[in-house]
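The values are calculated or read from the model by the stated rules, or taken from the named source; none is laboratory data. The structure displayed is predicted, hence computed values, not measured ones. Cβ atoms come from the backbone with ideal geometry, glycine included; neighbour counts cover every protein chain shown.
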């Protein structure tokens, strides 16, 4: 499980919005500049399922299943590149059928498949956003916020 620490900035019964902080794990990660799950090595706000009942000000541990994290990483980073390469190769091979220069058709097909991949990602992303396996969860409250309750002065 991929984990990250953060502070709850607001919450409701189902979700907590957690500000994650730059950590040592982010520094050593090869995706630190592009990670949208835990902020990519900079402070960011993450909407997480509030399974632990965290309140604003609490320091929490967020978790994200490793398998789901790897699937999403592949889908977001590798799928568009593979689509472009496959499109360029198909364009190169089929250019003769359309009586077009192979290099030009290869570029057009590659760019077309690259853009199609992003459309697929956008449509699939909307569907996956409702799936709890692909969302961060508040798995543990590390420290409760000090809640100053002033006594009634009657």
Taking the range 96-123, which residues are within 30 Å of residue 75 (Cβ to Cβ) and modelled with pLDDT under 90? none
Only residues that are closer than 17 Å to residue 82 by Cα and either exposed (fewer than 14 other Cβ atoms within 10 Å of the Cβ) or free of Cβ contacts under 8 Å to residues at least 12 places away in the same chain (or both): list them for the range 102-117, please. 115
Is one or more of the residues making up the range 20-41 surrounded by fewer than 16 Cβ atoms within 10 Å (Cβ to Cβ), at pLDDT 90 or above and under 29 Å from residue 130 (Cβ atoms)? no
